[in-house]
1. Does the stretch B:233-254 hold any residues that are buried (at least 19 other Cβ atoms within 10 Å of the Cβ) and within 8 Å of chain A (Cβ to nearest Cβ), and which are they?
2. Being within 29 Å of residue A:84 (Cα to Cα) and at pLDDT below 95 is the filter here; which residues of the stretch A:33-68 pass it?
3. May I ask you to say which residue of B:176, B:224, B:180 is open to solvent by 10 Å² or more (accessible area, probe 1.4 Å) and either of a type outside the set (Asp, Glu) or in contact with a Ser or Thr (Cβ under 6 Å, 6 or more places away or on another chain) (or both)?
4. Has the stretch B:83-94 got any residue that is closer than 22 Å to residue B:8 by Cβ and touching a Lys or Arg at 6+ places or on another chain (Cβ under 7 Å)?
5. Within the stretch A:94-107, can one find any residue that is open to solvent by less than 30 Å² (accessible area, probe 1.4 Å), among the aromatic types (Phe, Trp, Tyr) and touching a His at 6+ places or on another chain (Cβ under 7 Å)?
6. Given the criteria more than 24 Å from residue A:294 (Cβ to Cβ) and part of a loop (DSSP other than H, G, I, E, B), does residue A:154 qualify?
7. Which of the residues that make up the stretch A:257-282 are in a helix (DSSP H, G or I) and either within 13 Å of chain B (Cβ to nearest Cβ) or in contact (Cβ under 8 Å) with a residue 40 or more places away in the chain (or both)?
8. Looking at residue B:159, is it in contact with a Cys (Cβ under 8 Å, 6 or more places away or on another chain) and more than 24 Å from residue B:281 (Cα to Cα)?
Protein chains: 2
Amino acid sequence: MTDINRQVLLVSRPEGAASLDNFRLVETPLAPLRDGELRVRNRFLSLDPYMRGRMSEAKSYAAPQPLGEVMIGETAGEVIESRHAAYAVGDHVVGMFGWQTHGVSNGKGLRKVDASRVPLSAHLGVVGMPGVTAWYGVNRLLEPRAGQTLLVSAASGAVGGVVGQLARRAGARVIGIAGGEHKCRYVRDTLGFDACVDYKAGRLAEDLAAAAPDGIDLCFENVGGPGFDATLALMNAFGRVALCGMIAGYDGEAAPIRQPGPILRARLRVEGFIVTEHPEVWPAALAELGELVARRELHYRETIAQGIERAPEAFLGMLKGHNFGKQLVALG
Amino acid sequence: MTDINRQVLLVSRPEGAASLDNFRLVETPLAPLRDGELRVRNRFLSLDPYMRGRMSEAKSYAAPQPLGEVMIGETAGEVIESRHAAYAVGDHVVGMFGWQTHGVSNGKGLRKVDASRVPLSAHLGVVGMPGVTAWYGVNRLLEPRAGQTLLVSAASGAVGGVVGQLARRAGARVIGIAGGEHKCRYVRDTLGFDACVDYKAGRLAEDLAAAAPDGIDLCFENVGGPGFDATLALMNAFGRVALCGMIAGYDGEAAPIRQPGPILRARLRVEGFIVTEHPEVWPAALAELGELVARRELHYRETIAQGIERAPEAFLGMLKGHNFGKQLVALG
């Protein structure tokens, strides 16, 4: 075992698109543990769109990522050294250790996970924050019922895939939007959506209208921009929209809503949410998602970059939609 | 008493802005009543922004106004002839008789009003549909509390003025947006708002930020467009938006939301509504509003055009904001 921690720092803020030179890889010696601390060897790092927001100084619900520090991020790993009574070497934990191979914690904010029934990496995705995000939006904001039509964008992604599968289990007809026929086929054939529209085909509004002949009752919006406008135009009266992401491309600014008329005309309820603000739902949501994954009734897909040094490149690719399912970095 | 009904018909649909030649004044002889019918001499016609929507074929929550028929509209008047058991000559009634001096009804959809405590015209405004619209948005969607800041656009208008006064009674700090210093002074001095921003002064975002040093918790949106974008940018976490109108200028299309990011960042709840879909609140709302007006605790203002023949011109002026308070037409 090496005694070097490999870390990725944010060293500059993007002007426009984020780029590789916003990041720097450094190596830092491991410091000895103090009483009450434990050390984790991170095995997987989660890459998520919200990180792009933190890179900017723009007003957000969270403080910006400080320059010169390890990039924020959620990780899954195992305890390799412990001076903490509640943690033993070999325990699997999920925590916010950031873009680095090793982390030290006093246990606060850590979540022990069972990596025997559900693979360790899945605790960063379908049985982690993205999964609970989907669960909250579906069960607390949209509440799909049999006979309703639900639309979810970024349908092959970590959140979108779970949204559609949960909504289908509730009896709704589910339509996805995804980029490319390859992803759409996966959304239909593996995730079991009723339909999937390829936004790259260039006929988004027409294809969406054809896929939703009875209109759309519920929308879980992950992207914003033209796809959201096309969705709004098809919303039925008293429909609901759970707003989870709307920064199409995530170059810093939310894409305009060019045709907001349906929000009024169709008397929609549009609601933004941040899943970390609803800790009360996490235990039940994680238990349900874990059980479904263990029974192989909830499907997911991962794109895994190899090595901490590939994290910046993988992150930039994810912002452009190059990932297919949950984007992770394997840390060795 | 003349036996001629003077009526304004919609004879063509606007291309872009509505214009005088979309309307035609005609005179029609009165037909004899049948059993169960009553005849009303309309005294006041209400002119409202929603009428612009009905002039177009565009998808809306209501069917378009048919060509060649009397323009839709709410009126207040008195019964001048009755073969209906529940109505006597001299009764004051509000109904949807449209742009005409006389109307015949079987009583369905009519509302008897007391014109002794509250002037007849006010039953089309502050103690009518606009007042109940304000009441519903404030009490059912926004629920202002002491210490909160509420923003309402078109603050000198029939809806906006009531919104602000009701919110202030609930203890909120109330900021209005209105067009011109004359209207702003009325909003502050007569309606008692804490502040009013003049959107015509050309510094909307800056003036709004200065008027809302603690941000905005609640927004009652009547207009849409740049004012709504500037408002969204100032919204506090978990704020609420009641969406009542967003077709800035009402030339047919809703103005874009150019900066929708705050809906997600501030976890807002944005909700469109149509007051006629909530008949259960009308009796209590009308009773409360009527009582406040009778006690002179709720202020309002009217702009009254004289004569049915001036209705088209007054309507077009109202779409441009030339009215000051509730726009009515006195029908003689």
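The values are calculated or read from the model by the stated rules, or taken from the named source; none is laboratory data. Computed from a predicted structure; not experimentally measured. Please note: Cβ atoms are built from the backbone with ideal geometry, for glycine as well, and neighbour counts cover all protein chains shown. Ligands, DNA and RNA are stripped out before the accessible areas are found, and what is left, the full protein with its side chains, is counted by its heavy atoms. Shrake-Rupley method; radii C 1.70, N 1.55, O 1.52, S 1.80 Å.
1. Correct list: B:243, B:244, B:245, B:246, B:247, B:254.
2. A:65, A:66
3. On the way: B:176 fails: open to solvent by 10 Å² or more (accessible area, probe 1.4 Å); B:224 fails: open to solvent by 10 Å² or more (accessible area, probe 1.4 Å).
Exactly one of B:176, B:224, B:180 is open to solvent by 10 Å² or more (accessible area, probe 1.4 Å) and either of a type outside the set (Asp, Glu) or in contact with a Ser or Thr (Cβ under 6 Å, 6 or more places away or on another chain) (or both), namely B:180.
4. Kept after step one, since they are closer than 22 Å to residue B:8 by Cβ, are these residues of the stretch B:83-94: B:93-94.
After this cut, where a residue has to be touching a Lys or Arg at 6+ places or on another chain (Cβ under 7 Å) as well, the list is B:93-94.
Yes.
5. Step one: list which residues in the stretch A:94-107 are open to solvent by less than 30 Å² (accessible area, probe 1.4 Å), which gives A:94-95, A:97-103, A:105, A:107.
Applying the additional criterion that residues be among the aromatic types (Phe, Trp, Tyr) yields A:97, A:99.
Adding the requirement that they be touching a His at 6+ places or on another chain (Cβ under 7 Å) leaves none.
Checking the stretch A:94-107: not a single residue is open to solvent by less than 30 Å² (accessible area, probe 1.4 Å), among the aromatic types (Phe, Trp, Tyr) and touching a His at 6+ places or on another chain (Cβ under 7 Å).
6. Details: more than 24 Å from residue A:294 (Cβ to Cβ): yes; part of a loop (DSSP other than H, G, I, E, B): yes.
It is true that residue A:154 is more than 24 Å from residue A:294 (Cβ to Cβ) and part of a loop (DSSP other than H, G, I, E, B).
7. Restricting attention to the stretch A:257-282, the residues satisfying the condition of being in a helix (DSSP H, G or I) are A:261-265, A:275-277, A:279-282.
Residues satisfying the conditions are A:261, A:262, A:263, A:264, A:265, A:275, A:276, A:277, A:281, A:282.
8. Working: in contact with a Cys (Cβ under 8 Å, 6 or more places away or on another chain): yes; more than 24 Å from residue B:281 (Cα to Cα): no.
Criteria not met by residue B:159.
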